[in-house]
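Reading through the structure tokens given below for one structure.
All of the numbers you see were taken from the coordinates with simple rules; none came from a lab. Computed from a prediction, not measured in an experiment: that's the story for all the values here. Neighbour counts run over all protein chains shown; Cβ positions are idealised from the backbone, glycine included.
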Amino acid sequence: MARKRGLFETFQERIGAVLPSALQEAQTRVDDRLAKIPTRLNEYGYDAFGLHPESSRRSLATSTLFYRHYFRTETFGIEKVPSGRVLLIANHAGQLPFDGMMLGVSMLLEAEPPRLVRGMGEYFIPQLPFLSWAAERGGNLVGTPENCVALLEADECVMVFPEGARGMNKTWDHRYELQRFGLGFMRLALQTETPIVPIGIVGSEEQQPGLMNLEGLAKRLGLPSLPVTATFPLLGPLGLLPLPVRYRIHFGEPLHFEGSGSEEDDVVQRKVNEVRAAIDGLLQEGREQRAGVFR
Amino acid sequence: MEKVLITGIGSGPGRLLTERLRTRFEVLGVDRTPWEDHPAEVAVHVLDLRKKGFEDLLRTERPSHVVHMGFIRHFKGDPNRRHEINVRGTKQLLDHCHRYEVTNLVVMSSSYVYGAFPENPFYLDEDQPLSASRSYPEIRDLVEVDTMATGFLWRHPEIRTTVLRPVSVLGPNSRSMMAEYLRQERAPTVLGFDPMMQFLHEQDLTDAIAMTLEQDLAGVYNVVGAGQVPLHTAIEETGGVAWPIPEPLFRPGVRMLFGAGMAPWPPGAIDYLKYPVTLAGDALAQAIGFKALFGLEETFRSLRGRG
């Protein structure tokens, strides 16, 4: 993929020209942390699911700039994430998945030892040129139950947003209101005996105030959703840039659930409600603690 | 010595299998085209599986083992004829195997039958639906063959029937779709896509078939090689140059060229350059202890010495 990588690298270099020292510093830090992750790569540098640190290290450095200098992210209780297989369950907001990106970077930079978080993506992502490629090289997979089980059985750290697009594309008046949680993650956790870490992400809910969601038009255009925000589509592509809110990621105590994963919905629902309540508590606590959205 | 009949014996994999089995079995084979310099002790019959001559051969020779790998996999001729030869030929072969008391049967299918889709999880097991015809109707005959053979396996438990679904087979003798694709100097790819792919060396496939026969295996099994890399890495490693084309140009272009008989593959094949079709191989490993001996580098190198 010589041509594509060339373009991508040129772009990265341009950014580097604008922010040379910060980017270089971020790159050094990312490389250093990546080297500490025991990944199982084959002779070509790929793991079994298409992760390729050599391709993703640059975009991770860019994400690190967002993490440090744009969102000025703080984490609380990251040491609670157990080693081995684990599911990170968080609230989802902000129109674009910067919350996933920041959660991933936090585990890479702040957790000891560093972990590479595997995201479970929407089904449309593999159909998008470049994005499908970038997502896979970064360690993300299509969110099928089979993929999730395979990752957990390989003792990976998997991140799931059970609200999905319901959470991410909700409007401003519903910020910090957790939407309905899917049950799938809990069934998989039970099936694979995986501990769940509830996570409250404070900040993402204000990054891109949604005014409305043009669902009808989105469906007609084949898009998952088409949010109208304070800045998009008013300012064009520039309007996609989130507000420089401060991110605060609160990690809760790991929750262990018992069962086979084949229980009735209401049994699973009760367990899911526990996780949801834990996240809700973390969000409330986090909002009370902070001095302001941007501070 | 037990007798094994190989269909498609003159093909690359057929010849390799003959070589592998001839010390253990009395080998005979059929093909639609002659195999000029076949070993003297191997009887090669040029005939059509759908015709009476094939039934006569089974009745008189009474092979105990049959390996069915004689399929048309290219798209050069009339698609109806290809479908008829592959599907009708298999149907006849299965009937004869039952009637003339064959004890062991291996039917060669492929990973293509699962189909390439964006929602494919990694490492499909043998229970996944065979959905290839949904996006790639030109190979529905291969899906039908697989389904027919699987049905036969359950209907006739007295015959040890195995359906093998190998991933892309590479090697100097292989004419698999992926081998042919990688032999091109410039390999067209879909701009912005680089799916993970698995490869199997032709010698490893031969081993898997031989072990299947020797260990009286029955069932449906994926056959995987030593590992997986993205498509573009495979192209580089086999000495080719990737030629990324934006999909809005690629698909209509291939449709037009294929319609004019100038492209080797129909547009449905493009999905295999976009989405991963990776298979889980643990079932076969557990059943007969099969493990690919050729690593990825060797497998790629085996194709590089191309003429």
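Couple of notes before you dig in:
- In the elastic network of chain B, a GNM with C-alpha springs shorter than 10 Å, the most mobile of B:Gly12, B:Gly77, B:Gly219 is B:Gly77.
- For the stretch B:3-304, with +1 on Lys and Arg beta carbons and -1 on Asp and Glu, the positive-most of B:Leu21, B:Gly192, B:Ala43 along the dipole: B:Ala43
- Summing Cβ point charges (Lys, Arg +1; Asp, Glu -1) relative to the Cα centre of chain B gives a dipole of roughly 760 debye.
- Pair A:Gln284, B:Arg304: separation of 7 Å Cα→Cβ label points (nm): 6.4 nm
- Summed residue charge, Cβ within 15 Å of A:Leu226's Cβ, Lys/Arg positive, Asp/Glu negative: +2
- Only Cα pairs under 8 Å and 6+ residues apart enter the sum, and on that basis the relative contact order of chain B stands at 19 percent.
- Relative contact order %, chain A, counting alpha carbon pairs below 8 Å whose residues are six or more apart: 21 percent
- Using a Förster distance of 35 Å, the FRET efficiency for A:Ala22-A:Phe294 (Cβ separation, nearest 0.05): 0.95
- Theoretical gain in end-to-end length, A:Leu238 to A:Leu255 [0.36 nm per residue, Cα-Cα removed]: 2.1 nm
- Assuming charge only on the beta carbon of Lys and Arg (+1) and of Asp and Glu (-1), the dipole of the stretch A:184-272 about its Cα centre is about 480 debye to the nearest 20.
- Stokes-Einstein diffusion coefficient of the stretch B:3-304, Kirkwood radius over Cα pairs, 25 °C, 0.890 mPa s, in µm²/s: 125 µm²/s
- Once the Cβ-Cβ distance of A:Glu74 and A:Ala230 is raised to the sixth power relative to R0 = 22 Å, the FRET efficiency obtained is 0.30.
- Shown here are the Rg and Dmax of the Cα trace of the protein assembly as shown, at 27.5, 91 Å.
- Cut-off 12 Å between beta-carbons: net charge of the residues surrounding A:Arg276, Lys and Arg +1, Asp and Glu -1: -1
- Net +/- balance of residues flanking B:Lys52 in space, Cβ distance below 15 Å, scoring K and R +1, D and E -1: +1
- In whole percents, the pair-distance distribution calculated for chain A from its alpha-carbon pairs, binned every 5 Å from zero, is 1, 5, 11, 16, 19, 18, 15, 10, 4, 1, 0, 0.
- Pair B:Glu297, B:Arg255: separation of 7 Å Cα→Cβ label points (nm): 4.4 nm
- Stretch gain in nm, segment B:Asp78-B:Arg134, where the contour uses 0.36 nm per residue and the Cα spacing is subtracted: 18.1 nm
- Shown is the FRET efficiency for A:Asp155 and A:Lys219, computed with R0 = 51 Å from the Cβ-Cβ distance and rounded to the nearest 0.05: 0.85.
- Signed unit charges on C-beta, dipole axis of the stretch B:3-304, positive-most listed residue B:Leu205, B:Gly261, B:Ala226: B:Gly261
- Subtracting the Cα-Cα distance of B:Met211 and B:Lys51 from 0.36 nm times their residue separation leaves 54.6 nm of extension gain.
- Highest GNM mean-square fluctuation among B:Thr60, B:Thr189, B:Thr161, for chain B modelled with Cα contacts below 10 Å: B:Thr60.
- A:Arg29 paired with A:Asn42, simple spin-label distance in nm, labels 7 Å along Cα-to-beta-carbon: 3.4 nm
- Those trypsin sites (Lys or Arg not before Pro) in the stretch B:44-73 that DSSP places in a loop and that have at most 15 other beta carbons within 10 Å: B:Lys51
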